[in-house]
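Scroll down for the structure; my scribbles are underneath it.
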Amino acid sequence: MAEEIKREEREVRKSTRRRNNNDDHAKAKSWLKEWVDALVFAAIAALIIRTFLFEAYRIPSPSMEKTLLTGDFLVVSKISYGPRTPMVLAIPFTNMYLPGLTLPWTRLPGFQDVERNDVVVFNYPIDIAPISAKTNYIKRCVAIPGDTLAIVDKQVYINGEAADQFAGIQKTYIVTVQDRVRLSPAKVKAAGGTLLGSHTPNSYRVNMTAGTAKKIQGWSEVTDVEPFVLPENFNEFARVNFSFASGFNNHDHLPSMVIPFEGQEVTLTPGNWHIYENIITRYERNTAERNGDTFVINGEVTDTYTIKKDYYFMMGDNRDDSEDSRFWGFVPEDHIVGKAGIIYFSWDAEQWAPRFNRILNFIHD
């Protein structure tokens, strides 16, 4: 009898352990399922936010200094101009996409159009890739569709008037000093400029803002500060392989031109083919040939073409250290990603430290 009671007690204990183990296993499965569900939800939410609302962007180069510094991390608003629906089939949160497959897409309504002087993120137009897979660039939109743009002695003119100036815009200046005086690179850096090198025995090339130039102009050893302007006949663009720039000499001088807009009819000539070649062939997907003064578009001989999209002219605020629309031409409307909004973090690689004074700064036009 005692043996049977002990046997029953052992069975009860075993049964209790099995139930406890099953309960623990069920709790573990429930806990894991909750975490997986939470992670999947978070990933989907992040993907929706990244695709349709906001995206993080890091400034990789000095082309927008001093407005934006290398190492600034930005929030870019896609809803400002209207987000684009997916254009390719891609692996989320990567730059990997399925080659050869593009999706039908549209731009959803936004709060505003791209305005003159906005700081804009866009896909680099002349990359060979689907639009949304192209490298992201950030520049200032200096001219919008229908504007007339010209650059004379480095000064940008829009519709016949000098373009707005901003505190962060940098240019190269020639700083002339007294005889037998050396301009200190450390002093120039402390003032906010960058000494690029000697120009003549008593002058130097300095990259800086107009505000810094005014400050240096007041130094006792400085006799003159003037913008450095390339001669009109100096062919800088002969060294770069861009169709647009091939018809001009350098980035300090561009003749008057209308920024292309949807519905604009242009007359093609050998003298302006470099302006419109990428628009007709690369961005608007026509077959085109030029044979001397003759143009053949989609098999038809013609000297006119009607523009099918709006285009923008983008320039970096670091005007003499930015490869932008002066080199490779216009940005099509469908390449616009979003408007730069706020600097949420900034890292100074030289000092190996955060720039706390830039964190949570709004990017003003």
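So is V222 in contact with a helix residue (DSSP H, G or I) (Cβ under 8 Å, 6 or more places away or on another chain) and either open to solvent by 50 Å² or more (accessible area, probe 1.4 Å) or farther than 30 Å from S325 by Cβ (or both) or not? In short, yes. Which residues, taken from segment 182-198, are under 14 Å from S220 (Cβ atoms) and open to solvent by 70 Å² or more (accessible area, probe 1.4 Å)? R182, K187 - these are the residues of segment 182-198 that are under 14 Å from S220 (Cβ atoms) and open to solvent by 70 Å² or more (accessible area, probe 1.4 Å).
Among the residues examined, R282 does not qualify as over 24 Å from A143 (Cβ atoms) and either at pLDDT below 95 or out of contact with any Phe, Trp or Tyr (no Cβ under 8 Å at 6 or more places or on another chain) (or both).
Does at least one position in segment 345-356 carry a residue that is part of a strand (DSSP E or B) and open to solvent by less than 10 Å² (accessible area, probe 1.4 Å)? Scanning segment 345-356, I find at least one residue that is part of a strand (DSSP E or B) and open to solvent by less than 10 Å² (accessible area, probe 1.4 Å), so the answer is yes. If the requirement is being touching a Pro at 6+ places or on another chain (Cβ under 8 Å) and either over 26 Å from P62 (Cα atoms) or buried (at least 18 other Cβ atoms within 10 Å of the Cβ) (or both), which of these qualifies: F295, F330, F244, F313? The unique qualifying residue is F330. Taking segment 298-309 as the range and being open to solvent by less than 90 Å² (accessible area, probe 1.4 Å), among the hydrophobic types (A, V, I, L, M, F, W, C) and more than 20 Å from I336 (Cβ to Cβ) as the test, no residue passes.
Restricting attention to segment 50-65, the residues being assigned to a loop (DSSP other than H, G, I, E, B) and open to solvent by 30 Å² or more (accessible area, probe 1.4 Å) number 4.
Of everything in segment 135-181 that is within 14 Å of M314 (Cβ to Cβ) and part of a loop (DSSP other than H, G, I, E, B), the residue that is most open to solvent (accessible area, probe 1.4 Å) is T135. Within segment 181-218, the set of residues being free of Cβ contacts under 8 Å to residues at least 12 places away in the same chain and on the phi > 0 side of the Ramachandran plot comprises just one member, G197.
Residue check: T281 meets all listed conditions (1) within 26 Å of the chain's Cα centre (by Cα); (2) within 20 Å of F248 (Cβ to Cβ); (3) open to solvent by 50 Å² or more (accessible area, probe 1.4 Å) but one, namely (3). Contact annotation: residue pairs with Cβ atoms under 7 Å, 6 or more positions apart or on different chains, pairing a residue in segment 256-269 that is over 20 Å from I151 (Cβ atoms) and assigned to a loop (DSSP other than H, G, I, E, B) with a partner that is open to solvent by less than 60 Å² (accessible area, probe 1.4 Å) and among the polar types (S, T, N, Q), are L268/T304. Could you list, in sequence order, all residues of segment 258-268 that are closer than 23 Å to G160 by Cα and surrounded by 14 or more Cβ atoms within 10 Å (Cβ to Cβ)? V258, I259, P260, F261, Q264, V266, listed by residue number.
Among the conditions (1) over 27 Å from the mean Cα position of the chain (by Cα); (2) surrounded by 15 or more Cβ atoms within 10 Å (Cβ to Cβ), the only one that G271 does not satisfy is (2). Among the residues of segment 67-86, those identified as in contact with a strand residue (DSSP E or B) (Cβ under 6 Å, 6 or more places away or on another chain), of a type outside the set (S, T, Y) and in contact (Cβ under 8 Å) with a residue 40 or more places away in the chain are G71, D72, F73, L74, V75, V76, K78, R84. Scanning segment 284-303 for residues that are more than 33 Å from the chain's Cα centre (by Cα), of a type outside the set (V, I, T) and assigned to a strand (DSSP E or B) returns N291, F295, E300.
The values are calculated or read from the model by the stated rules, or taken from the named source; none is laboratory data. On a predicted model such as this, the values are computed, not experimentally measured, just so you know. Glycine gets a Cβ as well: all are built from the backbone with ideal geometry, and neighbour counts include every protein chain shown. The protein model used for the area step is the full one, side chains on, heavy atoms only, and it has no ligands, DNA or RNA in it. Shrake-Rupley method; radii C 1.70, N 1.55, O 1.52, S 1.80 Å.
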